[in-house]
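Read through the structure below, which is laid out as structure tokens, and then see the notes.
Please treat every number below as a calculation from the coordinates, not as lab data. On a predicted model such as this, the values are computed, not experimentally measured, just so you know. FYI the Cβ positions are ideal-geometry reconstructions off the backbone, even for glycines, and counts take in every protein chain you see.
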């Protein structure tokens, strides 16, 4: 019978420091709830001299990863390096050495998760990654356990605090994207290179994982449609307000039985919906199950302490299994391996959605009729329209909301309209979601 859970840490950056803080500050709470202490035996990082604001014994620090992943007394390895390599190689070697693994690495799990999970299943060890999605929000464990009796029809999320902060500031203050991005960088909400955040890649990693878990299928990350927020401007946010909507970077996963949708893009959602009220750096995930109905999980989506909290939750879950001699009590992806499917992802061209269309056209008679006629030719009907006052000499905005239409038809129509001699700039398209679970 083990009398402690021994862990090793790869990566002593912000989240690694948070993990040490939790272990030190809440050691008594962890022991009371787990039934045994958690002992940190080794920390590996390239930099072991910088002061992180936490005190650790110099003997546990090393620059040699092998001292962690091959340590005979370490039961569980926490990976907080990030990126694909060398993190993937380190995890695979730790698994081969019989170590359980906890990671916050959403990119690694979204792109290479199948390989890592296969290795873990073969070795009979656990891989947990609650901190990879939603920071401190518990979402993966509820999908696999508390809500595990449900068939999920959809999973929707606001999953990137940087984007949500930017869109919130643009909505509340009428600011333009570039100015708010600069402010977010100054406040530490956005990285110096914010590309993965603002172009939707970070969010796509997360919805790929959530869709896999909810729908019991493998998701090829390369097939996930990704569109970021860098082209959203204050004018579109203002028009959205007038029409009763807010614009959010929405992660969308839907299950149609024989295929699934997995996509990320700016989305107009009704202003009265709970997801529309998720502002600032906060995240939220809405799960819709056939028995539980819609369930909204909300909280801090990033940061040292919330993410470290999620990491330690996984450590304690695996620790309980170790203490009682259980292995792979909960399947890594929520379904038994033989039940995991490979459902195709519906092509974006086949998606059915409502659309917000913003045209800037020459102020001439018959322009609206010509645009509406082209849309009609492609089976797109107009639900509502606003035509604000002129903003520029000779050019007027025309803003339309369509009924449900197929993406391929909308794209074809817009290409034709772009070629007309009546437009001042290319039309803007924002998808609209009404049925949010």
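Would you mind calculating the relative contact order of the chain from Cα pairs under 8 angstrom and at least 6 residues apart, reporting the percent as a whole number?
Normalised by residue count, the contact order of the chain is 16 percent.
Kindly list the residues of the stretch 276-312 that lie in the label zone of residue 435, defined by a backbone N under 15 Å from the point 7 Å along the Cα-to-C-beta vector.
288-290, 294, by backbone N distance to the label point.
Expressed as a fraction of 2.2 N^0.38 Å, the rule-of-thumb size for a compact globular protein of N residues, what is the C-alpha radius of gyration of the stretch 349-432?
Working: Rg = 12.1 Å, N = 84, 2.2 N^0.38 = 11.8 Å.
Normalised by 2.2 N^0.38 Å, the Cα Rg of the stretch 349-432 equals 1.02.
Using a cut-off of under 18 Å, list every residue of the stretch 147-190 whose amide N is near the label point 7 Å from the Cα of residue 241 along the Cα-to-beta-carbon line.
164-181, by backbone N distance to the label point.
What's the long-distance tail for the stretch 206-339, i.e. % of Cα pairs beyond 19 Å?
65
Could you tell me how far the Cα centroid of the stretch 232-281 sits from the Cα centroid of the stretch 291-332, in Å?
One Cα centre to the other: 27 Å.
Expressed in nm², what is the orientationally averaged projection area of the convex hull enclosing the Cα positions of the stretch 140-300?
Reported value for the Cα convex hull: 9.4 nm².
Between the stretch 101-179 and the stretch 67-90, what is the C-alpha centre distance in whole Å?
So the two Cα centres are separated by 20 Å.
Can you give the angle from 0 to 90° between the axis of helix 201-215 and the longest principal axis of the chain, with both taken from C-alpha atoms, to the nearest 10?
70
Give, in nm to one decimal, the length gained when the segment between residue 66 and residue 21 is fully stretched (0.36 nm per residue of separation minus the Cα-Cα distance).
That works out to 13.8 nm of additional length.
Please report, to two decimal places, log10 I(q)/I(0) for the chain at q = 0.07, 0.09, 0.14 Å⁻¹ as given by the Debye formula with identical point scatterers on the Cα atoms and no solvent.
Normalising to I(0) and taking log10 leaves -0.39, -0.62, -1.24.
Relative to the longest principal axis of the C-alpha atoms of the chain, give the angle of the C-alpha long axis of helix 407-418, reported between 0 and 90° and rounded to the nearest 10°.
With rounding to tens, the tilt is 50 degrees.
If I take R0 = 56 Å and measure r between the Cβ atoms of residue 2 and residue 223 in this structure, what FRET efficiency does the formula 1/(1 + (r/R0)^6) give, to the nearest 0.05?
E(calc), rounded to 0.05, equals 0.85.
FRET efficiency for residue 350 and residue 327, Cβ-Cβ distance as r, R0 = 41 Å, nearest 0.05?
FRET efficiency, residue 350 to residue 327: 0.45.
Given R₀ = 60 Å, FRET efficiency for residue 256-residue 55 by Cβ-Cβ distance, to 0.05?
Step by step, r from the Cβ atoms, then E = 0.65.
So what is the calculated 222 nm ellipticity per residue for the chain, using -39500 (n - 2.57) for each DSSP H run with n of 4 or more, over all residues, to the nearest 500 deg cm²/dmol?
Helix contribution divided over all residues of the chain: -10500 deg cm²/dmol.
Obtain the nm distance between the two label points defined at residue 187 and residue 274 by a simple spin-label model: each point lies 7 Å from its Cα along the Cα-to-C-beta direction.
About 2.5 nm separates the two model spin labels.
When ranked by the protection proxy of mean other Cβ atoms within 10 Å per residue, highest first, what sequence do the peptides 100-107, 229-236 form? Walk me through the numbers before you get to the answer.
Numbers: 100-107: 26.0, 229-236: 17.6.
Those peptides, ordered most packed to least, come out 100-107, 229-236.
Tell me the angle of helix 161-173 to the major Cα principal axis of the chain, expressed in degrees between 0 and 90 and rounded to the nearest ten.
40
With the alpha-carbon atoms as the only input, what is the per residue convex hull volume for the stretch 235-308 in Å³? Mind showing how you got there, number by number?
Working: hull volume 10.0 nm³, N = 74.
So the per-residue hull volume is 135 Å³.
Of the beta bridges DSSP finds with both residues in the chain, what % are antiparallel, to the nearest 5?
On the way: 50 of 74 bridges.
For the chain, the DSSP antiparallel bridge percentage is about 70.
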